[in-house]
Amino acid sequence: MGVPLRWLLGRSEVRLRLLAGREQLDREVLWAHSIELADPVPWISGGELLLTTGLRLPAETDAQRKYVQRLADAGVAALGFGVGLSHEVVPAAVVAAAEEAGLPLLEVPLPTPFAAIAKAVMERLAEQQYEGVVQASRIQPRMTRAALHGGAQAVVRELAVSTGTAVLFLDHEGRTRAAQPAGVPAPAPEVLAGLRTADEAAAAVSSGPEAGVAVQQVRVGPR
């Protein structure tokens, strides 16, 4: 769960301007913080909106391009560059390198403190977590009614509608017993095999280039 860059750009109070990476606005920011290091990569975990004034940015064009490429390779969600302090404008080499790397580059105007951007991201993350709790509290009674009155197929249908995903109920041999939407194919056997846990009691998740698969064991009594 993260904050889409598109949402952040739409916040008038932070007044961000997109300079590069327009095709990547659906990227999600997991956190936002400032780093004024010549090489911030060792302190990056991925998914950040990294904020900098370019204080330690090298003056050489090639070095600036390598700086941006390192950030992209490290999995930074976006780069926010504050202007009006170390640099009056974002260096052209930084803009070009960000565009080439597919890294969204946001210009942060001087009146906007980095703390305001981090606060906006943090508050939106908190809102999303609360929305998730509210959604779960609404889904639970519907799932219970479905189980009582419609059996497995009704539960599968309710879960699929509530989560906006495809849901399958498989037996212990991997055969489909209920599906929503009807006819949706089961994950490949090797995917299911890779998700099986030692005690087959926990949930497991696999993410691929086309879709993610989550498996939850359903146990009844000792079975």
Restricting the stretch 141-163 to residues that are surrounded by fewer than 17 Cβ atoms within 10 Å (Cβ to Cβ) and of a type in the set (A, V, I, L, M), the one farthest from the chain's Cα centre (by Cα) turns out to be LEU148
Only one of (1) under 16 Å from ARG15 (Cβ atoms); (2) in a helix (DSSP H, G or I); (3) among the small types (Gly, Ala, Ser); (4) touching a residue at least 60 places away in the same chain (Cβ under 8 Å) does not apply to ALA115, and that is (4)
The strands (runs of 3 or more DSSP E) lying entirely within the stretch 2-107 that contain at least 1 residues which are more than 17 Å from LEU125 (Cβ to Cβ) and open to solvent by 50 Å² or more (accessible area, probe 1.4 Å) are 17-20, 31-34
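Every residue, every condition in (1) in contact with a helix residue (DSSP H, G or I) (Cβ under 7 Å, 6 or more places away or on another chain); (2) farther than 23 Å from LEU16 by Cβ, yes or no:
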| residue | (1), (2) |
| --- | --- |
| ALA98 | yes, no |
| PRO111 | no, no |
| GLU127 | no, no |
| VAL134 | no, yes |
| VAL156 | no, yes |
Given the conditions (1) surrounded by fewer than 18 Cβ atoms within 10 Å (Cβ to Cβ); (2) modelled with pLDDT of 95 or more, every one holds for MET122 apart from (2)
Okay, strands (runs of 3 or more DSSP E) sitting entirely in the stretch 154-214 with 1 or more residues that are at pLDDT 75 or above, I get 167-170, 176-180
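The values are calculated or read from the model by the stated rules, or taken from the named source; none is laboratory data. Computed from a prediction, not measured in an experiment: that's the story for all the values here. Glycine gets a Cβ as well: all are built from the backbone with ideal geometry, and neighbour counts include every protein chain shown. The accessibility values were calculated without ligands, DNA or RNA, using every heavy atom of the protein model including side chains. Shrake-Rupley method; radii C 1.70, N 1.55, O 1.52, S 1.80 Å.
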